[in-house]
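Worksheet for the structure shown next.
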Amino acid sequence: MIEPAGFLGLSRQLPDGRRPRIVLFGAPHGSSYPDADAESHAQAAKAIRAASAEDAGLIDNWDFDLDGPLFADQPVSCVDIGDLPTSSGANAQNRSLIEKTTRDVLAGEAVPIMIGGDDSTPIPFISGFSGSGPIWILQIDAHIDWLEERQGERFGYSSPMRRASEMAHVEGIVQVGIRAVGSARSSDLQAAERNGAKLVTARHFHAHGAEDAVQHIPEGARILITLDCDGLDPGIMPGVAARTPGGLSYFQTVELIEAAGRRGRIAGFDLVELYPPADVDGISALTASRILVNVIGRIVRQPWT
């Protein structure tokens, strides 16, 4: 069987035993609800890798979003280790595998990038940072995700920020792009505010921009960015399960990531909730791919400590 190409054609390891600065992996399944379409979300990493193929031969070219080649005239320093062997319904095992993989990447002094899967996968991804120092979370999402439980599941896609708030190594949470009715009952909103989460609505972000959003994060902080695809406007990201007008544009998204990198250090990144059955001509997968390219470029431009 021919192994599928990695994101941007990246290999599973670097030549000559060099250590990677970034390790990318897919996490197809997390903690699914009984009525959720987990298998469709599980195809997201495959769709994004396929969309990246058209840029695979161009990584040495000038990238005008990054103002230079992707790896800034350095050797390729990112690997794609493929999808983790998760499975639908094996919620506890999936969480354990994602957390362990994240810990292993961090132990190798690399920055982990995860492609989900639904929005339950960031919970073990964030948990994997315990023991590697405090982090701040910058979430891009249409919804606040503070549900205590749904259908008896506390680690599902409606609860990642609630669970993150309970982790001792998470010092703060900034949530950007919140809009419409979303997943916020009054009690959920009160829980978020009580726990100190900073909510930046999409309307506020459109009016005040990226620098205003990241000012809630202390300078020099280690920042984990978690991007739910429905945080972007469905005009450019139609391939989501909950389309909500008024989201971030492509350039607002990459400018927010860039602003976070100036404010502190990007310690990890995940992109979740791409729903391939709802995509239109592959535009969502392509947009997600270009965002990941931008994230890789920003991370390799950080000092390697």
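The values are calculated or read from the model by the stated rules, or taken from the named source; none is laboratory data. All figures in this text were calculated on a predicted structure; none of them were measured in a lab. Because the Cβ atoms are built from the backbone with ideal geometry, glycine has one as well, and the counts that use them run over all protein chains shown.
Here are a few things to note about the model shown:
- Among the residues of the range 240-267, those identified as small (Gly, Ala, Ser) and under 18 Å from Ala180 (Cβ atoms) are Ala241, Ala242, Gly246, Gly247, Ser249.
- Residue match in the range 135-149 (condition: free of Cβ contacts under 8 Å to residues at least 60 places away in the same chain and farther than 28 Å from Pro238 by Cβ): yes
- Among the candidates Asp63, Asp80, residue that is in contact (Cβ under 8 Å) with a residue 12 or more places away in the chain, touching a Gly at 6+ places or on another chain (Cβ under 7 Å) and crowded, with 23+ Cβ neighbours inside 10 Å: Asp80
- Tally of residues being among the β-branched types (Val, Ile, Thr) and within 15 Å of the chain's Cα centre (by Cα) across the range 265-305: 8
- Contacts under 8 angstrom Cβ, first residue in the range 181-207 being more than 14 Å from Trp146 (Cβ to Cβ), partner at pLDDT 95 or above and surrounded by fewer than 15 Cβ atoms within 10 Å (Cβ to Cβ), 6 or more apart: Val200/Asp212; His204/Asp212; Phe205/Asp212
- Restricting attention to the range 66-77, the residues being touching a Phe, Trp or Tyr at 6+ places or on another chain (Cβ under 8 Å) and crowded, with 18+ Cβ neighbours inside 10 Å number 1.
- If only residues of the range 98-137 that are polar (S, T, N, Q) and within 17 Å of Ile223 (Cβ to Cβ) are counted, the one that is surrounded by the most Cβ atoms within 10 Å (Cβ to Cβ) is Thr102.
- Per the conditions (1) in contact (Cβ under 8 Å) with a residue 60 or more places away in the chain; (2) surrounded by 18 or more Cβ atoms within 10 Å (Cβ to Cβ); (3) of a type in the set (Gly, Ala, Ser), the sole criterion not satisfied by Gly282 is (2).
- Of the helices (runs of 4 or more DSSP H) entirely within the range 154-256, those holding at least 2 residues that are crowded, with 24+ Cβ neighbours inside 10 Å occupy 160-165, 202-214.
- Within the range 76-108, the set of residues being touching a strand residue (DSSP E or B) at 6+ places or on another chain (Cβ under 8 Å) and among the charged types (D, E, K, R) comprises Asp80, Asp83.
- When Leu58 is tested against (1) over 14 Å from Phe7 (Cα atoms); (2) out of contact with any Gly (no Cβ under 9 Å at 6 or more places or on another chain); (3) surrounded by fewer than 18 Cβ atoms within 10 Å (Cβ to Cβ), just one condition goes unmet, and that condition is (1).
- Verdict on Ser88 being touching a residue at least 24 places away in the same chain (Cβ under 8 Å), surrounded by fewer than 24 Cβ atoms within 10 Å (Cβ to Cβ), under 16 Å from the mean Cα position of the chain (by Cα) and within 24 Å of Gln43 (Cα to Cα): no
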